[in-house]
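Trainee: Structure provided below as structure tokens; questions to follow.
Values quoted throughout were computed directly from the atomic coordinates according to the rules given, and no laboratory measurement underlies them. If you're wondering where the values come from, they're calculated on a predicted model, not measured in any experiment. Positions of Cβ are generated from backbone atoms using ideal geometry, with glycine treated the same way; all protein chains shown enter the neighbour counts.
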Amino acid sequence: MLLRRARLLRRGPLQDVLVAGGRIAGVGNVDDHAAVSEMIDADGRYVLPGLWDRHVHFEQWAQVRARLPLADAGSASAAARLVAAHIAAHPPATDVAVVGYGFRDALWPDAPGRELLDAQSGAVPVVLISADLHSAWLNTAALRRYGHGDDPTGLLREGAAMGVMAEVGTVSEPVIDMWCGDASSAAAARGVVGIVDMEKPWSLDAWQRRIVNGNRRLRIVSAVWPEHLEDAISRHLHTGGGVDGTYGLLTAGPLKVIIDGSLNTRTAFCHDPYPSVTGAGSEERGVLLVDLDELSRLMVRAKEAGFDCAVHAIGDAANAMVMQAFARSGARGSIEHAQLLVDSDVPRFAELGLIASVQPEHALDDRDVADHYWAGRTARAFPLRSLIDAGAVLVFGSDAPVAPLDPWLAIAAAVHRSRDERPRWHPEQEITVAEALAASMPPGRGGLSMRDGDIADLMVLDGDPFTADPRTLRTMPVAATMVSGNWTHRIGV
């Protein structure tokens, strides 16, 4: 296949791109067309390496489409009214739970409670999942069904909430595979060629089934959680190791460990206490889910077995502790989120060889919550410019469904730090389009250029990302996406 007259670099000349055997077989002026089976005129469009989302909970993202959206609820009362309207319009079958997703209660004027939800839902079990996936709000019927009937508030956090999420997310294999197929197509339409799937407890076998059954739109790196690490080791897997029979699309990923909570739930573990949080000890500063010794032990075991580590840390105290554990264990890997950092910890990413795996769209989702709960500290929240200047390797993700699986949202958020008419939030931490694009591709790629021998994972754009205004960058039109030389999305090319 020959792509003619493609723009590969900003302000660069138009060039041809030859694709053969799933790889880039030539870049420049390709004169010999005898062996070309298909010739496509890119007509001056940008042809760039395809995008990756380095942090996804894919099954949960696929299920969001079937759930009651709650993102626009500005109060607990408003969320409860949305539930009542949904039940009235779509009466569920007997014993079928209504599941909503996307509420953010940190700044609500009223508190979520089981009685408030009971008044709007009656005997219908209702489970409302927060946007950050760290809390769930249940009515009495749902609390009894899922084993939390004694909870006085109905608002479950962290482990209890995640257990309920796992139960309501259990559907038949054909149904979830169909939803994942639709979500894969939607991702490909945004230029996505690969994801790191952090789904709990382990998505590797499910992806092997899907790929064998024909879902070959994305490359999948499947992370493993601590409860399945020994299983992965017994199967002789390791980070970067391929899985047989999956056309080179599925590899084992890192060990995923969560050590603190989230900002919205006020459970991110911080050096300073949260305002207006009563109590004593660590609850005032968030929660620490895994201590330093246990984390270090897990990381040593992972390192010995050939696994990198991807450790969730949002608060500054959590990030500092994770760096201690990486230094202790000698493990390789990433800190996932790294939302709030002490200034002296920023250069430690480069010193320790750690990847900063961040979700820039969260900066815009969380700016109001951060201004309230991290007042006086937001200059070091999402410090993208500081990380790059300190030599850190930066990669982007969405944490879908916390934010949509769309790398262009992350790119625009990192470049412009605003998505509305308000002033940009800490514009000193903005980065360039080229840097944001590079962070949306695999580490070590060597920039945005394509070279002979590269795997043919690419996208064709119907716009210019380097000159786009904020709105256009967020909605960048993608004309085509290719994985291993095969089109996974194609319109107008």
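Trainee: Which listed residue (477, 84, 184) has the Cα farthest towards the positive end of the charge dipole for the chain, taking +1 on Lys and Arg C-beta and -1 on Asp and Glu C-beta about the Cα centre?
Mentor: The Cα lying farthest towards the positive end belongs to 477.
Trainee: Assuming R0 = 35 Å, can you tell me the calculated FRET efficiency for the pair residue 328 and residue 445, based on Cβ-Cβ distance, to the nearest 0.05?
Mentor: Rounded to the nearest 0.05, the efficiency is 0.70.
Trainee: Give the angle, between 0 and 90 degrees and rounded to the nearest 10, that separates the Cα long axis of helix 173-188 from the longest principal axis of the Cα atoms of the chain.
Mentor: 50
Trainee: List, in order, the whole-Hz ³J(HN,Hα) value for each residue of the range 117-128 obtained from phi through the Karplus relation with A = 6.51, B = -1.76, C = 1.60 and θ = phi - 60°; use x for Gly and Pro.
Mentor: After applying 6.51 cos²θ - 1.76 cosθ + 1.60, I find 6, 4, 5, 9, 10, x, 8, 6, x, 10, 10, 10 Hz.
Trainee: So, one more: First select every other residue whose beta carbon is under 15 angstrom from the beta carbon of residue 10; then total the charges, Lys and Arg +1, Asp and Glu -1.
Mentor: Once all neighbours under 15 Å are counted, the net charge is +1.
Trainee: So what's the gap between the Cα centers of the range 386-447 and the range 38-52, to the nearest angstrom?
Mentor: 22
Trainee: Please state the Cα pair-distance histogram of the range 75-168 with 10 angstrom bins from zero: what percent is in each bin?
Mentor: Values per bin, smallest distances first: 18, 57, 25, 1.
Trainee: Sticking with this structure for a sec: What is the helix-to-structure angle for 360-373, meaning the angle in degrees between its Cα long axis and the longest Cα principal axis of the chain, kept from 0 to 90 and rounded to the nearest 10?
Mentor: 30
Trainee: If you average over every viewing direction, what projected area does the convex hull of the Cα atoms of the range 390-446 give, in nm²?
Mentor: With the hull built on Cα positions only, its mean projection is 4.6 nm².
Trainee: Something else now. With charges only on Cβ, +1 for K and R and -1 for D and E, what is the dipole size of the range 75-168 about its Cα centre, in debye, rounded to 20?
Mentor: Rounded to the nearest 20 debye, it is 160 debye.
Trainee: Tabulate in residue order the Karplus-calculated ³J(HN,Hα) for the range 12-22, using 6.51 cos²θ - 1.76 cosθ + 1.60 with θ = phi - 60°, rounded to whole Hz; enter x for Gly and Pro.
Mentor: x, x, 6, 9, 9, 10, 9, 10, 8, x, x
Trainee: Work out the charge dipole of the range 1-111 with +1 on the Cβ of Lys and Arg and -1 on the Cβ of Asp and Glu about the Cα centre, then indicate which of 28, 13, 46 is farthest towards its positive end.
Mentor: Going by the Cα projections, it comes out as 13.
Trainee: Residue by residue, what Karplus-based ³J(HN,Hα) values in Hz, rounded to whole numbers, does the range 413-420 have, using 6.51, -1.76 and 1.60 with θ = phi - 60° and x for Gly and Pro?
Mentor: Couplings: 5, 6, 7, 10, 6, 6, 9, 9 Hz.
Trainee: Might you report the magnitude of the Cβ-based charge dipole of the range 371-433 about its Cα centre, with Lys and Arg at +1 and Asp and Glu at -1, to the nearest 20 debye?
Mentor: Its charge dipole is roughly 140 debye.
Trainee: Right, another one. Determine, for 227, 336, 351, the number of other Cβ atoms within 10 Å of each Cβ, and report the residues in order from fewest to most.
Mentor: Ordered by Cβ neighbours within 10 Å, fewest first: 227, 351, 336.
Trainee: Taking the Cα centre of each part, how many Å lie between the range 105-152 and the range 234-256?
Mentor: Cα centroid to Cα centroid, the span is 38 Å.
Trainee: Using a simple spin-label model with points 7 Å from Cα along the Cα→Cβ vector, what separation in nm is obtained for residue 284 and residue 11?
Mentor: 5.5
Trainee: Measure nothing but the geometry: give the 0 to 90° angle between the long axis through the Cα atoms of 76-89 and the longest principal axis through the Cα atoms of the chain, rounded to 10°.
Mentor: 80
Trainee: With +1 assigned to the C-beta of every Lys and Arg and -1 to the C-beta of every Asp and Glu, and no other charges, what is the dipole magnitude of the chain about the Cα centre in debye, to the nearest 20?
Mentor: 840
Trainee: Taking H placed 1.01 Å from N in the peptide plane, check which residues at least 5 places from residue 310 or on another chain put their amide H under 5 Å from its amide H.
Mentor: Sorted by chain and number, the residues that satisfy this are 255, 256, 257, 334.
Trainee: Sort 246, 239 so the one with the fewest other Cβ atoms within 10 Å of its own Cβ comes first.
Mentor: 246, 239
Trainee: If neighbour count is taken as other Cβ atoms inside 10 Å, put 39, 165, 323 in order from fewest to most.
Mentor: 39, 323, 165
Trainee: Could you tell me what % of all Cα pairs in the chain have separations over 38 Å?
Mentor: Counting pairs separated by more than 38 Å, the tail of P(r) holds 26 percent.
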